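Participant: Below: one structure in structure tokens.
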Amino acid sequence: MSQLFAPLNLGGLTLPNRIIIAPMCQYSAVEGSAQDWHEIHLGQLALSGAGMLIMEATAVSPEARITAGDLGLYSDANEAALAHVLTAIRKYSAIPLAMQLAHAGRKASSQVPWEGGAQVAPDAPGGWHTLAPSAVPHGESEAPPVALDEAGIAKVRADFVGTAKRAVKLGLQGLEIHAAHGYLLHQFLSPLANQRTDAYGGSLENRMRLTLQVFEDVRAAVPAEIPVWVRISATDWVEGGWDLPGSIALSKALEQRGCAAIHVSSGGVSPRQAISLRPGYQVPFAAGIKAEINIPVIAVGLITEPAQAETILAQNEADAIAIARAALYDPRWPWHAAAELNAQVSAPPQYWRSQPRELKHLFHSATTGQR
């Protein structure tokens, strides 16, 4: 049996297979509220046959958005707009749905990528003052962020909790806390961005403090049956930055606090990063963390071929595979993976007649198991 299509228990949530669609920002919201684009985008991915769909990085406050077009869940208007999208999806798909809770920190107030992605100055239209552990800008030419004081840190923690509660109210089945890609929690973890001298800076224990507090806050605020896990950058790819030993220490501390999984990515905190791209280039980090903890580890990063994904699992380098851009390019990637690996995958009955004649047992119903 294909390991990629074996079920996985994620903190009490059973995934029908180990293909996870990773969060991908769409930069298409209005004042944080989902639009028709989100219904189209998430709707097609919800029919993909993947084991779980994690919604894009969802801002916990207006200032937490990367761009003015980021999805948010911090207001009643945001909640109502997203409820409309989720109601439409749930009519036709039983895929487990999760949300990534995020705060961009000093990487906020940016243009959307297709307009260059540069920082929008705080006093320019569409810009705002960014927040960070220290008043150190991401890029040398950028406006420095405001260093968070104790009250600011308390607000960040409360904002994560508020968004988590709204997500559960909307029926989301899992929550991923974003502590990767150079955003706020990663900024606290990395000595490249964190120059504080208080309880949140300096030692590894201090730099991990906010990420652990946010996890504990969210874990305590939502029902026990809702798994909560964390996405991390395993390394900054910069000498003297956040690294794999720190990631292992953080993962162990999160496991002790009831974390359901560790989602292992890398980079994002510094323009000086020197990443050596190759197929599966982040898998060794996932494997290194998996060797040290007992909770599931999710691997991600240039995993594009079904056989490649199957091998990663077979070699015990990870417990699940996340795909992102590969799913945008091919929203039926799980179907094609199941065909290649002689497995079955869920598909809506409206599409059953599309399966090739030689693969007449490829599809089954997500709710009944019939084919």
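Computed from the coordinates by the stated procedures, all read-outs in this text should not be read as laboratory data. Keep in mind that what you see is a predicted model, and the values were worked out from it rather than measured. Reconstructed Cβ throughout: ideal geometry from the backbone, glycine too, with neighbour counts over all protein chains shown.
Participant: Taking 7 Å along the Cα-to-C-beta vector as the label spot, tell me the Gln315-Ala249 distance in nanometres, rounded to one decimal.
Facilitator: Simple spin-label model gives 2.9 nm for this pair.
Participant: Please say if region 265-342 is rounded, prolate or oblate, where rounded means a/c under 1.5 for a ≥ b ≥ c the square roots of the C-alpha gyration tensor eigenvalues, and otherwise the choice is prolate for a/b larger than b/c and oblate otherwise?
Facilitator: Values: a/c = 2.28, a/b = 1.26, b/c = 1.81.
Oblate, since a/c reaches 1.5 and b/c is not below a/b.
Participant: Compare Ala124, Ala158, Ala322 in a GNM of the chain, Cα atoms joined below 10 Å, and give the one with the largest fluctuation.
Facilitator: Looking only at Ala124, Ala158, Ala322, the biggest GNM fluctuation is shown by Ala124.
Participant: Would you give the gap between the C-alpha center of region 1-60 and the C-alpha center of region 332-358, rounded to a whole Å?
Facilitator: Region 1-60 and region 332-358 have Cα centres spaced 18 Å from each other.
Participant: Largest first and to the nearest Å, give the Cα extent of the chain along each principal axis.
Facilitator: For the chain, the Cα extents along the three principal axes come out at 63, 43, 39 Å.
Participant: Provide the per-residue ³J(HN,Hα) series for region 149-162, in order, calculated from phi with Karplus coefficients 6.51, -1.76, 1.60 and θ = phi - 60°, each as a whole number of Hz, with x at glycine and proline positions.
Facilitator: Per-residue couplings from phi come out as 8, 4, 5, x, 5, 4, 5, 4, 4, 5, 5, 4, 5, x Hz.
Participant: What are the residues whose amide H is under 5 Å from the amide H of Asp330, where those residues sit 5 or more places off or on another chain and H is modelled from the backbone?
Facilitator: none
Participant: Could I ask something else about it? For region 136-181, which GluC sites (Glu not before Pro) are both in a DSSP coil and crowded by at most 15 other Cβ atoms within 10 Å? Mind dumping the intermediate values first?
Facilitator: Details: sites: Glu140, Glu142, Glu150, Glu176; in loops: Glu140, Glu142.
Loop-located and lightly packed - Glu140.
Participant: For the pair Ala80 and Tyr329, what calculated FRET efficiency results from E = 1/(1 + (r/R0)^6), where r is the Cβ-Cβ distance and R0 = 35 Å, to the nearest 0.05?
Facilitator: Details: r = 32 Å, r/R0 = 0.92.
Once rounded, the FRET efficiency stands at 0.65.
Participant: Which residues does a label at Val136 reach in region 189-205, if reach means a backbone N under 15 Å from a point 7 Å past the Cα toward the Cβ?
Facilitator: In region 189-205, the label zone of Val136 (backbone N under 15 Å from the point 7 Å along Cα→Cβ) covers 189-198, 200-204.
Participant: Can you list residues from other chains, or at least 5 along the same chain, whose modelled amide H is less than 5 Å from the amide H of Met24?
Facilitator: For Met24, the qualifying residues are Glu56, Ala57.
Participant: Working out 0.36 nm times the residue gap between Glu340 and Ala220, then minus their Cα-Cα distance, what length gain in nm do you get to one decimal?
Facilitator: 39.0 nm
Participant: Which pairs, out of Lys165/Lys252; Lys290/Lys360; Lys91/Lys360; Lys169/Lys360, put more than 29 Å between their alpha-carbon atoms?
Facilitator: Working: Lys165/Lys252 26 Å; Lys290/Lys360 37 Å; Lys91/Lys360 25 Å; Lys169/Lys360 39 Å.
From the list (Lys165/Lys252; Lys290/Lys360; Lys91/Lys360; Lys169/Lys360), the Cα-Cα distance tops 29 Å for Lys290/Lys360; Lys169/Lys360.
Participant: Quick check: pseudo-label points 7 Å beyond the Cα along Cα→Cβ at Asp123 and Tyr281, how many nm apart are they?
Facilitator: Result for the modelled spin labels: 3.9 nm.
Participant: Taking springs between alpha-carbon atoms closer than 10 angstrom, which of Asp123, Asp319, Asp76 fluctuates most in the Gaussian network model of the chain?
Facilitator: For the chain, modelled as a Gaussian network with Cα springs under 10 Å, the answer is Asp123.
Participant: In whole Å, what is the distance between the alpha-carbon centres of region 268-292 and region 179-229?
Facilitator: 20 Å
Participant: Pull up all non-local amide H partners of His263: gap of 5 or more, or a different chain, and H-to-H distance under 5 Å with H placed in the peptide plane.
Facilitator: Those qualifying (amide H under 5 Å, at least 5 residues apart or on another chain) are Val230, Arg231, Ile232, Ile298.
Participant: While we're here: Karplus couplings for region 127-141 from phi (6.51 cos²θ - 1.76 cosθ + 1.60, θ = phi - 60°), rounded to Hz, Gly and Pro as x?
Facilitator: Rounded to whole hertz, the list is x, 7, 6, 8, 10, 6, x, 9, 7, 10, x, 5, x, 4, 8.
Participant: Based on DSSP loop calls and a cut-off of at most 14 other Cβ atoms within 10 Å, the longest stretch of the chain free of exposed chymotrypsin sites (Phe, Trp or Tyr not before Pro) is what? Display every interim value, and only then the final one.
Facilitator: Details: sites that count: Tyr92, Tyr281.
The answer is 93-280.
Participant: Just how far, in whole angstrom, is region 236-251 from region 109-151 if you go by their alpha carbon centroids?
Facilitator: Each part's Cα centre sits 24 Å from the other's.
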